[in-house]
Every structure is written in structure tokens, then in C-alpha cells.
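Let me begin by presenting the structure, written as C-alpha cells, before commenting on it.
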Amino acid sequence: MSWEKSLEWGKFYRARKLAALVLSPAMVMLASLSIPQAAKSLEFNTSGLEIGQPDSSVGGGVRGLYCSVPGDALKGLVPGQNQDIVGKTVSKTPTLYWYIPEIKKEDEESPVAAKTGELLVLDEEGNQVYFAEFPLPASPAIIKHEIPASAGLEEGKKYKWLMAIVCNPDDLSSNEAVVGELRVVGEEPTLENALASAKTALEQAEAYAQAQIWHDTVDSLAKERNKYKEEWEQLLASVGLPIEIARAEVIDCCEVEE
């Protein structure tokens, strides 16, 4: 047999062995196994977002420190912890989120322990459009509250909200409160298309985050935060919230009555 013929047979033999190896049961089984996907990061970019009116509380910060245990404080899940960034939403019934800290127990120094929270929503003229009172959780947690349709939020309008822990009903100045602003915006075609193709809560959250729609980003992911723990922690960390808050339980504070 000529050298050229031997070389051709050698190539054919190696090709047959390679095919047999690829089609072997072990290799088929390995090929059918899904390769774990690396966890995606989910960060919220606040650059270029609208800055609201200065207030005695700043960017989800607290005024009054009379209810909570020292070292723990009321926090709003808002897009900026160090500045008054206006959080956008495409919903006229947006869901807001806050971290409720550990509350002081009743004692000689604090004869009244906080048991209720209050939410007040005002329009741009300062008119009240919504008010609710609700029970506080027994232990530190993230609570959520949906603003109902009866509040009449309108697209293009901006609203200020104030959430307070009622430390003492007889001394409102002792309340711990956090304020924020939100704007209801329309759903741009790019966002609409991204949401239409989204198949998971994470993909929905990514679409909202890309469009810088804060409240809907949080609400989309919060519903399945146990499934996307790392992404949930990354999202909150990207706006300055600590890991302890991201790992707190998320609960519905109350049933809203229209």
C-alpha cells in the first residue's frame, strides 16, 4: 500500500474512533447535561435621573429616631440613599417598599411602643391623594404597600410620599419617617418590546432597570427574590442599601381597601 493510501486510511480510522467516542453513551449523557449559567448581575443606574425637591429627609433617609433600636433604622427602598432621586413607575397603582427596623419594646423610657405605620401620598400641589394606616411587622422586615387605583395617580404627574412609624400617637414629632418622590411615566416602545419578550421575573426586572424604571424593577424581582437572591442583593446594593436589608423577609403590610 502506498504512503498516500496509508495516510488516507489513518485519517478514516481516527475519524471513526472520534465518531464512536462522541456517540458513546457516556458522552451522550454528558452532552445532554445542561451547563450551569453564571449568575447575572442586576444593577440600577441612577445617572441622569430627575432630582426631587430637598426635604428634611434625604433620599430614603430618616427623620426622628425614637422608635427603633439604636443601629437599626427605617429605610425606603428608593433609587438613591444619598440624594433625592425621583423613582419612576409605569404603573398607576405602584407598589412601594420600606425596611422596617427592630422596634424598641415598651419600658420606662419608651412607655409607648410603635405598633402602626402610616403612608401619606401628596400630589404636586400638596393635596392629599392617599392615606393609609397599617400594622407593623413583629420583627425587622421589608414591607410592601400597593397604592390603590382610588388614589387617582396620573401619567406624567409627580407625587411625594411619606411613610412614618407612629412612635407615640400623642407626640407626632417623635415619629420616624422616610420620604420619597415618584413619577408615573408612559411605557416607551423599547421597554414594551423588552417586556413582551421577557420570560422570567429576572428578565422583566432587567428590562425595567435598563429603562431606569425603579419601582417596577424592585416589584418584579421582589416577587421571586428567593429564586434570584444574588440578583436581589446586587440590585439593592447598587443603590446603597446594605446586605442585611436585602436579606430581610419581604411581607405585604396590609390589605388595601378601595
- Message: 7 Å from Cα along Cα→Cβ at both residue 51 and residue 230: what's the point-to-point distance in nm?
- Response: 3.6 nm
- Quick shape check on the range 194-235: root eigenvalues a ≥ b ≥ c of the Cα gyration tensor, a/c under 1.5 is rounded, otherwise prolate if a/b tops b/c, else oblate, and it reads oblate
- Here, residue 93 and residue 170, labelled 7 Å along Cα→Cβ, have an inter-label distance in nm of 4.0 nm
- Taking a crude spin-label model, label points 7 Å out from Cα along the C-beta direction, the residue 190 to residue 237 distance in nm is 2.7 nm
- Task: For the pairs 104/223; 104/158; 115/223, note any where the Cα-Cα span goes beyond 32 Å.
- Result: 104/158
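Below 12 angstrom from the Cβ of residue 101, what's the summed charge of the other residues (Lys, Arg +1; Asp, Glu -1)? Before the final figure, lay out the partial values.
On the way: positive: 75, 104; negative: 72, 102, 176, 244.
Residues near residue 101 contribute -2 overall.
What ranking, highest mean first, results for peptides 117-127, 161-171, 144-154, 175-185 when packing means the other Cβ atoms within 10 Å averaged over each residue? Intermediate values should be presented prior to the final figure.
Working: 117-127: 14.9, 161-171: 18.8, 144-154: 17.1, 175-185: 22.5.
In descending order of packing, they fall as 175-185, 161-171, 144-154, 117-127.
What full-extension length gain, to one decimal in nm, is calculated for residue 69 and residue 154 as 0.36 nm per residue of separation minus the Cα-Cα distance? Numbers along the way, then the final one.
Values: separation 85, 0.36 × 85 = 30.60 nm, distance 3.81 nm.
Result for the pair: 26.8 nm of gain on full extension.
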- How much length is gained on full extension from residue 244 to residue 43, taking 0.36 nm per residue of separation minus their Cα-Cα distance? 70.6 nm
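Any idea what the dipole of the range 144-202 comes to, in debye rounded to 20, about its Cα centre with Lys/Arg Cβ at +1 and Asp/Glu Cβ at -1? Working shown, then result.
Working: 6 positive and 10 negative charges, 33 e Å.
The dipole of the range 144-202 has a size of about 160 debye.
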- Note on the structure: A 1.4 Å probe over the protein heavy atoms gives the range 208-258 a carbon and sulfur accessible-area percentage of 41 percent
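Given the range 102-207, what whole percent of its Cα pairs are spread farther than 25 Å? List each step's numbers first, then the result.
Details: 2347 of 5565 pairs.
In whole percent, the long-distance tail amounts to 42.
Taking a ≥ b ≥ c as the square roots of the eigenvalues of the Cα gyration tensor of the range 148-258, is the shape rounded (a/c under 1.5), prolate (a/b larger than b/c) or oblate?
Taking the square roots of the gyration eigenvalues as a ≥ b ≥ c, the range 148-258 is oblate.
The values are calculated or read from the model by the stated rules, or taken from the named source; none is laboratory data. All values derive from a computational prediction rather than experimental measurement. Cβ atoms come from the backbone with ideal geometry, glycine included; neighbour counts cover every protein chain shown. To get the accessible areas, we keep the full protein, side chains included, count just its heavy atoms, and leave off ligands, DNA and RNA. Shrake-Rupley method; radii C 1.70, N 1.55, O 1.52, S 1.80 Å.
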